[in-house]
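Novice: Okay, handing you the structure first.
The values are calculated or read from the model by the stated rules, or taken from the named source; none is laboratory data. In this text the structure is predicted, and so the values were computed from the model without any measurement. Glycine also receives a Cβ, built like all others from the backbone with ideal geometry; neighbour counts cover every protein chain displayed.
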Amino acid sequence: MTKQLSDSNIRVKRVYEEPSDSDGYRILVDRLWPRGLSREKAAISHWFKDLAPSDGLRRWFSHNPARWPEFRERYMEELRQPDRAERLKELTTLLSRGTPKERVTLLFAARDPIHNNAMVLKDFLENLIPALTHQTDSKDNGSQKQQDAEPEGA
């Protein structure tokens with residue numbers, strides 16, 4: 001059974017900020033490596049560049065807040081594509097692995113702490129995980145009902 005996750009299990013942080021023990025798994029979700037930052041200083045656990053927006057979408061958005069609503073919509077559509085499914089599964093596995101005190105921190109390089117792909121990915125995951133939890137719970141309940149319905153010694 002998948003455990004229920006709270007919003008505090010997914011955090012978003014600028015990759016240039018100091019790493020913290022409370023970050024948990026530090027996952028860079030940008031397509032490009034952050035300028036001027038060494039791998040040691042970034043202290044990332046994983047780099048999921050294939051979950052970043054496509055180059056075309058990233059360039060179109062160009063961190064223009066006026067394009068934010070459409071960027072969110074288009075990026076969420078990209079995240080729903082079959083080629084993203086395996087990486088999203090890896091990420092949800094990391095999220096479901098942790099205890100309530102552990103978390104995943106999605107790292108981004110953009111200067112804007114609100115209008116960036118990590119915020120969209122966080123929202124996407126928070127909507128995806130309850131759906132996965134519900135599906136898993138339904139399967140668990142279904143198998144329990146089937147076991148309850150079977151007569152003893154069958």
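Novice: For the stretch 135-150, does any single residue satisfy the condition of being loosely packed, with under 15 Cβ neighbours inside 10 Å, under 23 Å from ASP23 (Cβ atoms) and modelled with pLDDT under 90?
Specialist: In the first step, residues of the stretch 135-150 are kept if they are loosely packed, with under 15 Cβ neighbours inside 10 Å; the result is 135-150.
Narrowing the set further to residues that are under 23 Å from ASP23 (Cβ atoms) leaves none.
So far as the stretch 135-150 goes, no, none of its residues is loosely packed, with under 15 Cβ neighbours inside 10 Å, under 23 Å from ASP23 (Cβ atoms) and modelled with pLDDT under 90.
Novice: Please work out which residue is farthest from PHE71 (Cα to Cα), limiting yourself to the stretch 28-52 and to residues that are of a type in the set (Asp, Glu) and touching a residue at least 24 places away in the same chain (Cβ under 8 Å).
Specialist: ASP50
Novice: Among the numbered criteria (1) surrounded by 11 or more Cβ atoms within 10 Å (Cβ to Cβ); (2) at pLDDT 90 or above; (3) part of a loop (DSSP other than H, G, I, E, B), which single criterion is violated by THR2?
Specialist: Exception for THR2: condition (2).
Novice: Sort out which residues of the stretch 96-119 are touching a residue at least 24 places away in the same chain (Cβ under 8 Å), surrounded by 11 or more Cβ atoms within 10 Å (Cβ to Cβ) and more than 17 Å from TRP47 (Cβ to Cβ), and write them in order of number.
Specialist: SER96, GLY98, PRO100, GLU102, ARG103, ASP112, PRO113, HIS115, MET119
Novice: Under the condition of being in contact (Cβ under 8 Å) with a residue 40 or more places away in the chain and either assigned to a helix (DSSP H, G or I) or under 18 Å from the mean Cα position of the chain (by Cα) (or both), which residue from the stretch 16-27 is surrounded by the fewest Cβ atoms within 10 Å (Cβ to Cβ)?
Specialist: SER22
Novice: Is it the case that LEU57 is closer than 19 Å to ARG11 by Cβ and touching a residue at least 12 places away in the same chain (Cβ under 8 Å)?
Specialist: Criteria not met by LEU57.
Novice: Let me ask another. In the stretch 37-108, which helices (runs of 4 or more DSSP H) lie fully inside it and hold 3 or more residues that are within 16 Å of LEU125 (Cα to Cα)?
Specialist: Where helices (runs of 4 or more DSSP H) fall fully within the stretch 37-108 and carry at least 3 residues being within 16 Å of LEU125 (Cα to Cα), they are 68-79, 85-97.
Novice: Restricting attention to the stretch 45-83, which residues are more than 28 Å from TYR25 (Cα to Cα), touching a Phe, Trp or Tyr at 6+ places or on another chain (Cβ under 9 Å) and of a type outside the set (D, E, K, R)?
Specialist: Within the stretch 45-83, TRP60, ASN64 meet the criteria.
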